[in-house]
């Protein structure tokens with residue numbers, strides 16, 4: 001949240017009696033909430049599952065010149081969703097799918113995904129990426145993991161601020177702005 | 001508690017109640033607004049700038065909480081991690097329906113009502129709509145026509161502040177508009193193509209919105225954060241809190257009493273007038289009366305009717321206003337969830353800056369000039385063209401550094417969505433009544449809702465899919481995904497009817513000025529009053545009808561006829 005921008009914007013509006021209190025109060029509350037979020041421990045994933053989820057999440061969105069999934073605590077976010085938001089059935093299916101990923105890894109020479117070579121990990125993840133439409137097992141778990149990784153990454157505070165540069169105030173709408181992809 | 005006495009009572013502080021309060025107080029009447037819910041403090045309650053990272057579930061919602069306390073409300077998209085607090089607790093506010101006829105009643109009980117989270121789309125009707133019942137033999141004829149309401153639309157539009165593009169289309173007449181936001185590059189190109197390919201019949205126009213593009217009446221122009229349903233600290237969209245209630249307060253004649261659940265209207269058979277309303281304090285549960293010369297019921301369509309049903313007397317054993325046998329009947333909503341999305345092949349070198357809350361509208365084109373063989377009335381499309389950005393990541397193949405770079409550095413192709421909103425016919429068999437076995441948290445008898453879509457609406461929904469797909473094909477779209485969902489009525493949150501206006505007290509509950517035939521100092525000017533519902537979003541019409549009815553009530557008061 002770019003406090004300065006919000007306050008600057010409101011500066012022009014302070015003459016209006018109904019506005020000024022909002023942003024300060026909302027941002028203070030938001031900052032407090034965020035501090036609480038940072039303290040969330042793992043509650044559902046055991047150490048092996050944490051390692052698996054972390055490994056795959058980081059391979060989906062790796063650390064480059066910008067943060068990766070691990071450094072913005074995507075695995076912790078996934079654990080929170082599994083713990084507090086998923087139904088018992090959804091959690092069970094997801095965890096069974098994680099086990100299935102390790103079963104698939106054994107066909108590539110290791111009992112655990114995390115112990116595979118990088119090349120083998122990429123090979124298995126490519127296979128799973130093509131199986132995201134599966135209704136159970138490793139394909140389904142990978143699909144959910146990928147969706148939660150993308151979502152958790154781009155809704156983290158650091159990515160909102162440093163990469164998306166999320167903006168709340170625009171001086172008018174522009175619908176025809178030149179654009180060249182940076183890829 | 002001794003009864004309180006005012007010149008006027010307004011029940012409800014939502015979109016029409018706010019207008020009743022403004023108009024009554026500005027005409028010099030000491031007015032009390034009785035709101036069932038809590039007060040709203042924009043400084044605390046408006047949360048449109050809280051980003052996902054500051055929400056515990058990052059915007060995915062507190063699923064267990066809403067499933068427990070808001071099993072009905074959770075079905076609407078706006079009942080999210082930010083705004084679920086603006087929707088009722090379903091356990092405190094129960095209602096029932098037959099197992100095979102679900103109805104989703106989406107409600108907001110707080111100062112401002114649903115005007116805080118409404119869709120802000122505002123379209124006038126035409127005589128195509130006002131004459132439809134009479135022409136086709138459904139329901140009763142409207143007791144007014146376009147020219148009766150046009151000056152009142154103008155009146156409220158000027159105060160509300162509406163952006164829109166003048167199109168000179170007879171089925172959705174132009175109004176009093178601020179300059180709209182431009183269409184984006186993909187929408188403009190789509191408009192041009194469809195105008196050519198459909199001979200001017202299907203028009204992509206700018207959504208007509210109660211969202212300011214210019215400063216207006218002490219409110220600031222929209223800053224395009226894109227999250228109107230969470231509130232607006234610059235008061236840029238119209239709501240009771242942002243607009244009408246402050247205007248009423250300015251007169252010095254407004255008393256706003258939150259936590260005031262109206263139980264019933266008190267009727268004096270000797271005077272053949274209502275004398276006031278019976279109220280339950282939501283916190284103490286103490287009952288008290290408020291008296292006034294004139295009463296405006298603006299509690300929302302089904303709530304206002306519930307109050308009338310709960311106001312039975314010896315003379316009106318089925319509720320005040322029930323002598324026609326139509327009180328509670330002719331419930332309508334719109335029908336939606338028919339349409340299509342597709343990927344557009346053009347404008348890939350263009351992007352948009354700013355988050356519009358709503359974007360485009362395709363006004364009704366069915367049964368305007370030629371008759372459709374499968375259904376009566378028509379529908380319009382709401383929609384937008386957008387580039388999904390990182391949001392496409394879960395569906396996009398790949399992973400790793402290049403995947404990440406693409407999500408950050410590219411936006412994906414433009415996606416166009418056309419979602420239909422169609423008219424529902426008024427039918428006597430769609431009705432609400434008091435449930436003899438169910439009361440709310442304040443002991444007030446609750447409603448039982450009997451309502452289903454007819455074959456006409458279902459055929460119309462099928463046609464939405466067909467025509468949306470046709471338009472996308474005409475645009476050269478790929479990856480076209482038609483959609484049709486079989487959701488129950490109520491979910492469009494345009495519930496109307498149950499106390500319809502009409503020309504004849506034998507067949508209607510209200511007269512042409514929204515007066516209850518059986519109690520002329522009681523006016524109902526929310527959605528309950530509608531004899532039909534057209535396909536346009538209804539709120540601006542409630543506002544115009546309210547302003548018109550207050551003006552009439554004021555004339556009657558001056559002539560001592562109330």
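Derivation of every value follows stated rules applied to the coordinates shown; laboratory data play no part. Quick caveat, the model's predicted, so the values are computed rather than measured. No Cβ is skipped: glycine too gets one built from the backbone with ideal geometry, and neighbour counts run over all protein chains shown.
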Item to complete: Can you check how the C-alpha radius of gyration of segment B:63-220 compares to 2.2 N^0.38 Å, as a plain ratio?
Response: 1.33
Worksheet, complete the sentence: Expressed as a percent, the portion of alpha-carbon pairs in segment B:240-284 spaced more than 15 Å apart is 62 percent
Worksheet item: Quick one, what does Rg over Rh come out to for segment A:95-183 if you take C-alpha atoms and the Kirkwood Rh?
Response: 1.18
Worksheet item: What's the extension gain from residue A:164 to residue A:48 if we count 0.36 nm per residue and subtract their Cα-Cα distance?
Response: 38.5 nm
Worksheet item: In whole angstrom, and with the biggest value first, how far do the Cα coordinates of segment B:1-149 range along each principal axis?
Response: 51, 46, 34
Worksheet entry | Projected label distance in nm at residue B:67 and residue A:111, using a 7 Å step from Cα toward the beta-carbon | 3.5 nm
Discussion item. Taking every pair of distinct Cα atoms and averaging 1/r, then inverting, what Kirkwood hydrodynamic radius in Å comes out for chain B?
Written reply: 24.2 Å
Worksheet item: For B:391, B:80, what ranking results if the residue with the fewest other Cβ atoms within 10 Å of its Cβ goes first?
Response: B:391, B:80
Fill in: Spin-label model distance (nm) - residue A:136 vs residue B:148, 7 Å beyond Cα toward Cβ
6.3 nm
Worksheet entry | Cα-based convex hull, the protein assembly as shown, per residue volume (Å³, whole number) | 159 Å³
Worksheet item: Does segment A:47-162 come out rounded, prolate or oblate, given a ≥ b ≥ c as the square roots of the eigenvalues of its C-alpha gyration tensor, rounded meaning a/c under 1.5 and, failing that, prolate meaning a/b above b/c?
Response: oblate
Worksheet entry | Centre separation in Å (Cα based) which lies between segment B:69-89 and segment B:421-480 | 19 Å
Discussion item. Tell me the angle of helix B:146-160 to the major Cα principal axis of chain B, expressed in degrees between 0 and 90 and rounded to the nearest ten.
Written reply: 70 degrees
Item to complete: Mark the label point 7 Å from the Cα of residue A:118 along Cα→Cβ and return the residues of segment B:378-402 whose backbone N is within less than 15 Å of it.
Response: B:400-402
Worksheet item: When A:95, B:308, B:245 are ordered from fewest to most other Cβ atoms inside 10 Å of their Cβ, what list results?
Response: A:95, B:245, B:308
Practice prompt. Determine, at each q value in 0.16, 0.17, 0.18, 0.20 (inverse angstroms), the log₁₀ of I(q)/I(0) that the Debye formula gives when each Cα of segment B:168-323 is one equal point scatterer.
Written response: -1.01, -1.06, -1.12, -1.24
Worksheet, complete the sentence: Neighbour-count ranking for B:100, B:174, A:79, B:333 (other C-beta within 10 angstrom, fewest to most) reads B:100, B:174, A:79, B:333
Worksheet item: In degrees between 0 and 90, to the nearest 10, how far off the longest principal axis of chain B does helix B:185-197 point, with axes built from Cα atoms?
Response: 90 degrees
Worksheet item: By DSSP, what percent of the beta bridges with both residues in chain B are antiparallel, rounded to the nearest 5?
Response: 70 percent
Worksheet entry | segment B:390-480 - Rg (one decimal) and Dmax (whole number), Cα, Å | 23.2, 63
Fill in: segment B:411-562 - Debye-derived log10 I(q)/I(0), Cα point model, q = 0.13, 0.19 Å⁻¹
-0.79, -1.20
Worksheet item: Dividing the Cα convex hull volume of segment B:1-47 by residue count, how many Å³ per residue is that?
Response: 104 Å³
Fill in: Stokes-Einstein D (µm²/s) once Rh is taken as the Kirkwood radius of segment B:214-271 over alpha-carbon pairs, at 10 °C in 1.306 mPa s
110 µm²/s
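Could you grab the relative contact order for chain B? Cα pairs under 8 Å, six or more apart, rounded to a whole percent. Working shown, then result.
Working: 1352 pairs, mean separation 123.9, N = 562.
This gives 22 percent for chain B.
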Practice prompt. May I ask for the distance between the Cα centers of segment B:234-309 and segment B:21-55, given as a whole number of Å?
Written response: 15 Å
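Given a cut-off of under 8 Å on Cα pairs at least six residues apart, what relative contact order in percent is computed for segment A:47-162?
The value is 30 percent.
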Discussion item. Step by step: find N for segment B:324-471, compute 2.2 N^0.38 Å, then divide the Cα radius of gyration by it. What's the final number?
Written reply: 1.49
Discussion item. Which residues among segment B:489-510 fall inside the zone where the amide N is under 17 Å from a point 7 Å beyond the Cα of residue B:100, along Cα→Cβ?
Written reply: B:489
Discussion item. Under 8 Å for C-alpha pairs, at least 6 residues apart: give me the relative contact order for segment B:248-355, rounded to a whole percent.
Written reply: 16 percent
Worksheet item: For residue B:314 and residue B:503 in one chain, what is 0.36 nm times their gap in residues minus the Cα-Cα distance, to one decimal in nm?
Response: 65.5 nm
Worksheet item: Which value in nm describes the separation of the simple spin-label points at residue A:87 and residue B:136, placed 7 Å from the Cα toward the beta carbon?
Response: 3.8 nm
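Go ahead and estimate [θ] at 222 nm for the protein assembly as shown from helices alone: -39,500 (n - 2.57) per DSSP H run with n ≥ 4, summed, over the residue count, rounded to 500.
The per-residue figure over the protein assembly as shown is -9500 deg cm²/dmol.
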